[in-house]
Amino acid sequence: QQKQKIAIELTGGGACWDGPTCTLQRSMLSFPPWLSSAFVGTNCSDFLDFQFDSPLCAKTIGDVDFSTYTTVVIPYCTQDVHMGDEPNVTYYDDEDDGDDGNNGSADAIHHVGAHNMYRTLQWIFENFPNPSQIFVTGCSAGGTPQPIIYDLINTHYGGQAVNIDVIMDSPVYLTPSYFLENYFPNWNVGTILKKVGFDFDTHRNEESLPDLILDYALKRSKETDNIGFVTHDNDQISLLYFTLMSGSLAIGGRDRRSLSSIDPSLLHKSDIKSTTSNSGRKMVSDIQSQWWSGINNSMTLAMEGHSNLDVFIIEGDGHCSFSLNVPLQYDGFEEWASNLVRESSPTSPLAVDQIAATNNLAALQASSSFAIATLIVLAVNLLSLHAH
């Protein structure tokens with residue numbers, strides 16, 4: 001294993017926060033079997049012939065050869081964008097409140113993504129005490145927590161000269177107030193946000209919460225570290241989740257109370273518009289305008305405030321998959337990414353006392369098991385849905 005260079009990737013796989021959405025995502029509430037079958041026991045060289053479907057450790061971006069990195073993959077089955085701290089939430093399959101005896105079945109969901117993520121970072125900190133290069137990426141739900149993950153890593157290695165670069169690939173970024181007020185508490189993300197010193201209690205119900213978290217991490221970042229944000233300008237997966245989270249589902253004119261009747265495969269298709277009625281298409285178009293305006297305004301504001309943030313916009317429909325496979329198929333992306341991910345000698349780090357307030361992070365208590373492949377460490381926490 002390369003002790004000096006580390007690549008960390010968080011996988012995506014949607015999100016859920018109530019009975020209907022977790023029913024839709026039922027298949028994603030257990031450890032993804034494709035990760036075991038595809039990676040455990042394999043070598044990165046086995047993937048070199050797969051130009052656009054290979055793991056990160058088989059890729060080269062600019063002058064950076066990721067086969068020289070130790071790659072840590074953090075799987076995802078907790079449906080909380082890797083940030084939850086609520087180990088046993090009970091949801092009903094319908095929207096009933098559970099009081100009249102006509103509830104359908106109840107499911108206990110383990111929203112403990114923060115446990116899995118933080119425990120894995122602790123393992124990295126223990127086994128890689130003096131890295132020179134760290135690259136972090138993630139797709140969709142795996143891209144959403146990247147600012148917090150960056151801050152945790154930067155805080156831990158704050159007294160050392162280490163380059164830490166991040167590319168957020170198609171993150172589900174915006175958080176409508178309807179979701180924040182009614183469902184966000186189900187994940188209990190305050191635990192991990194407070195661990196990095198973010199004032200979660202003050203901002204928990206503000207739609208600008210993602211912007212504030214990103215700004216917080218960037219203000220504490222080193223000038224030599226770079227954070228990149230990649231998205232399609234018509235990302236139908238992000239649009240669908242924005243619609244669900246806003247409480248005004250536009251697919252087929254259905255409302256939230258009939259959400260459970262939606263085909264779950266819609267959450268994993270890029271062409272949702274074709275499934276809607278004429279009125280539904282208009283609603284989707286309106287919400288899409290809101291979504292894109294929000295993304296555009298957020299990224300413009302962040303770039304104006306921070307020179308080490310850059311954004312790559314892909315025109316048209318699309319969403320991420322794994323290991324930057326989708327954006328790497330587009331002209332200009334690799335050149336853009338190579339300007340962010342560079343193995344230059346890091347400059348002196350920030351003074352330790354600037355970040356000492358959060359340098360003594362307490363460990364989140366969680367059990368994890370680790371399956372080690374030749375060049376890939378899968379940090380596995382087998383937390384699955386338990387039906388009662």
(request) Report, by chain and number, residues whose modeled amide H sits under 5 Å from the one on Ser132, excluding near sequence neighbours (fewer than 5 apart, same chain). (result) Lys5
(message) What percent of all Cα-Cα pairs in segment 283-342 falls into each 10 Å bin, going from 0 up to the bin containing the maximum distance?
(response) 18, 41, 36, 5, 0
(message) Suppose R0 equals 30 Å. What FRET efficiency, 1/(1 + (r/R0)^6) with r the Cβ-Cβ distance, do Ala108 and Glu181 give to the nearest 0.05?
(response) 0.80
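In what order, largest first, do Ser67, Ser170 sit by accessible area if the probe radius is 1.4 Å? Mind dumping the intermediate values first?
Numbers: Ser67 50, Ser170 0 Å².
Largest accessible area first, the list is Ser67, Ser170.
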(request) Might you report the magnitude of the Cβ-based charge dipole of segment 89-228 about its Cα centre, with Lys and Arg at +1 and Asp and Glu at -1, to the nearest 20 debye? (result) 1060 debye
(request) Output ³J(HN,Hα) for segment 320-330: one whole-Hz value per residue in order, computed from phi by the Karplus curve 6.51 cos²θ - 1.76 cosθ + 1.60 with θ = phi - 60°, and x for Gly and Pro. (result) 7, 10, 6, 6, 6, 4, 6, x, 5, 7, 9
(message) Need one number: nm distance between label points at Ala161 and Ser27, each 7 Å from Cα along Cα→Cβ, rounded to one decimal.
(response) 5.0 nm
(message) List the residues, sorted by chain then number, that are 5 or more residues from His111 or on another chain and whose placed amide H is less than 5 Å from its amide H.
(response) Glu86, Asn88, Val89
(request) At 0.36 nm per residue, minus the direct Cα-Cα distance, what do Gln290 and Asn88 gain on full extension? Give it in nm, one decimal, please. (result) 69.3 nm
(request) Using the Karplus curve 6.51 cos²θ - 1.76 cosθ + 1.60 with θ = phi - 60°, work out ³J(HN,Hα) for each residue of segment 161-166 in order, rounded to whole Hz, and write x for Gly and Pro. (result) 8, 9, 7, 10, 10, 9
(request) Tell me which residues come under 5 Å, amide H to amide H, from Leu10 once H is placed; ignore anything under 5 positions away on its chain. (result) Ile74, Thr137, Gly138, Cys139
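Quote the FRET efficiency, to the nearest 0.05, computed for Trp123 versus Leu328 with a Förster distance R0 of 35 Å and r equal to the Cβ-Cβ distance.
Details: r = 28 Å, r/R0 = 0.81.
After rounding to 0.05, the efficiency reads 0.80.
The values are calculated or read from the model by the stated rules, or taken from the named source; none is laboratory data. No experiment lies behind these values; they were computed from the predicted model shown. Methodologically, a virtual Cβ is constructed for each residue, glycine included, from the backbone with ideal geometry; neighbour enumeration extends over all protein chains shown. The accessibility values were calculated without ligands, DNA or RNA, using every heavy atom of the protein model including side chains. Shrake-Rupley method; radii C 1.70, N 1.55, O 1.52, S 1.80 Å.
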